[in-house]
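A.B. asks: Please read through the structure below; I'll follow up with questions.
The values are calculated or read from the model by the stated rules, or taken from the named source; none is laboratory data. Being a predicted model, the structure only gives us computed values, none of them experimental. We place every Cβ from the backbone using ideal geometry, glycine too, and count neighbours over all the protein chains shown.
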């Protein structure tokens with residue numbers, strides 16, 4: 001699976017561009033130097049390469065600390081694939097992360113990710129390291145945390161498909177974990193080649209760093225990050241559980257609902273009025289049950305219409321606002337109709353008398369979510 005691009009619109013990203021250019025220039029200089037006709041030139045290129053390689057060990061870290069960073073700017077000089085794929089991943093995922101962190105902080109994050117990946121690989125294998133894979137994995141993990149819902153265009157068996165960012169990153173993590181397990185089973189003599197551990201530690205560093213920044217408030221949370229996605233999952237789980245029981249997640253059990261009951265009818269009213277109100281109560285229960293059943297079957301359009309119809313037929317019903325909110329949520333999240341969802345949510349916000357504080361807060365949250373959908 002080769003990523004080709006995302007739906008994220010980013011501003012200028014000078015740090016990402018600079019890192020890509022440096023990696024490509026260093027690769028070309030060393031590769032061309034090693035294959036030069038001049039022995040002196042080839043020797044110098046080899047010396048430059050050896051100067052930047054990271055050799056795990058306390059002594060090397062103390063005497064050559066720069067190699068914790070320089071190794072990430074060196075690539076296999078025998079072919080283009082190593083540097084090409086690393087820079088492709090960095091270009092696609094790094095720009096979105098830089099757009100959120102800012103250029104200077106992204107540069108610091110990238111270098112820290114390279115160091116974390118090198119130290120992580122050292123814990124698993126003493127083999128020398130070159131390549132930006134660990135630092136790029138850190139940027140990729142950060143992207144999955146900051147933009148989990150972003151769609152990534154991927155070349156998959158000669159076909160271009162779109163995959164959610166978090167799903168694609170989890171696939172990469174799984175492949176690297178599988179590769180690391182394979183290396184561990186093979187034994188020390190066959191270790192080397194791809195530094196799977198560096199990738200895994202890079203992913204972990206990127207994800208945990210972004211979670212810490214978002215959780216602490218240092219980095220402002222948005223409607224696109226992982227925290228927001230988890231909040232949405234929780235809401236959807238509650239709604240599925242509620243609709244399976246033919247009830248709204250924001251109100252009491254529908255079996256206890258009533259538009260009015262005969263006990264509330266005054267003594268002066270005719271006997272026919274309680275009968276008509278009982279029929280209305282049955283209609284209300286039936287429509288709520290119908291909407292919940294359709295939603296649980298995946299008939300989202302019919303369910304949204306049924307909830308909206310319920311709110312129109314029974315405007316004074318205690319579940320009217322809850323049904324309207326369920327309809328708005330379904331239009332926004334299942335039917336991809338933010339305009340309709342916005343209209344319904346606005347009705348709840350503008351309602352006189354006002355809806356309950358809980359429903360009002362959830363309607364306002366939904367409006368913010370809809371604004372985010374429009375921005376994407």
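A.B. asks: Taking helices (runs of 4 or more DSSP H) that do not extend beyond the range 288-353, which have at least 2 residues that are over 26 Å from the mean Cα position of the chain (by Cα) and closer than 21 Å to residue 234 by Cβ?
C.D. replies: So the answer is 300-313, 320-333.
A.B. asks: Another question, if that's okay. For the range 55-75, enumerate the residues that are assigned to a helix (DSSP H, G or I) and under 34 Å from the mean Cα position of the chain (by Cα).
C.D. replies: 67, 68, 69, 70, 71, 72, 73
A.B. asks: Name every residue in the range 23-47 that is assigned to a helix (DSSP H, G or I) and either buried (at least 17 other Cβ atoms within 10 Å of the Cβ) or in contact with a helix residue (DSSP H, G or I) (Cβ under 6 Å, 6 or more places away or on another chain) (or both), in order of residue number.
C.D. replies: Residues satisfying the conditions are 23, 26, 27, 30, 31, 33, 34, 41, 42, 45.
A.B. asks: I would also like to ask the following. Does residue 100 satisfy being at pLDDT below 95 and over 19 Å from residue 21 (Cα atoms)?
C.D. replies: Here the answer is yes, as residue 100 does meet what is asked.
A.B. asks: Determine whether residue 57 is modelled with pLDDT of 80 or more and in contact with a strand residue (DSSP E or B) (Cβ under 8 Å, 6 or more places away or on another chain).
C.D. replies: Against the criterion (modelled with pLDDT of 80 or more and in contact with a strand residue (DSSP E or B) (Cβ under 8 Å, 6 or more places away or on another chain)), residue 57 does not qualify.
A.B. asks: Answer yes or no: is there a residue in the range 152-167 that is touching a strand residue (DSSP E or B) at 6+ places or on another chain (Cβ under 6 Å), in a helix (DSSP H, G or I) and farther than 14 Å from residue 208 by Cα.
C.D. replies: Yes, because at least one residue in the range 152-167 is touching a strand residue (DSSP E or B) at 6+ places or on another chain (Cβ under 6 Å), in a helix (DSSP H, G or I) and farther than 14 Å from residue 208 by Cα.
A.B. asks: Kindly evaluate residue 264 against the criterion of being surrounded by fewer than 19 Cβ atoms within 10 Å (Cβ to Cβ), at pLDDT 80 or above and more than 30 Å from residue 143 (Cβ to Cβ).
C.D. replies: On the way: surrounded by fewer than 19 Cβ atoms within 10 Å (Cβ to Cβ): yes; at pLDDT 80 or above: no; more than 30 Å from residue 143 (Cβ to Cβ): yes.
Judged against the criteria, residue 264 is not a match.
A.B. asks: Kindly indicate whether residue 226 is within 21 Å of the chain's Cα centre (by Cα), within 22 Å of residue 114 (Cβ to Cβ) and at pLDDT below 90.
C.D. replies: When the stated conditions are applied, residue 226 does not pass them.
A.B. asks: Spot the failing condition for residue 315; the list is (1) without any contact (Cβ under 8 Å) to a residue 60 or more places away in the chain; (2) touching a helix residue (DSSP H, G or I) at 6+ places or on another chain (Cβ under 7 Å), and only one is missed.
C.D. replies: (2)
A.B. asks: I'd like the full set of residues that are outside any loop (DSSP other than H, G, I, E, B) and in contact (Cβ under 8 Å) with a residue 12 or more places away in the chain, limited to the range 354-368.
C.D. replies: 358, 359, 360, 362, 363, 364, 366, 367, 368
A.B. asks: Quick one: is residue 374 closer than 24 Å to residue 148 by Cβ and at pLDDT below 80?
C.D. replies: yes
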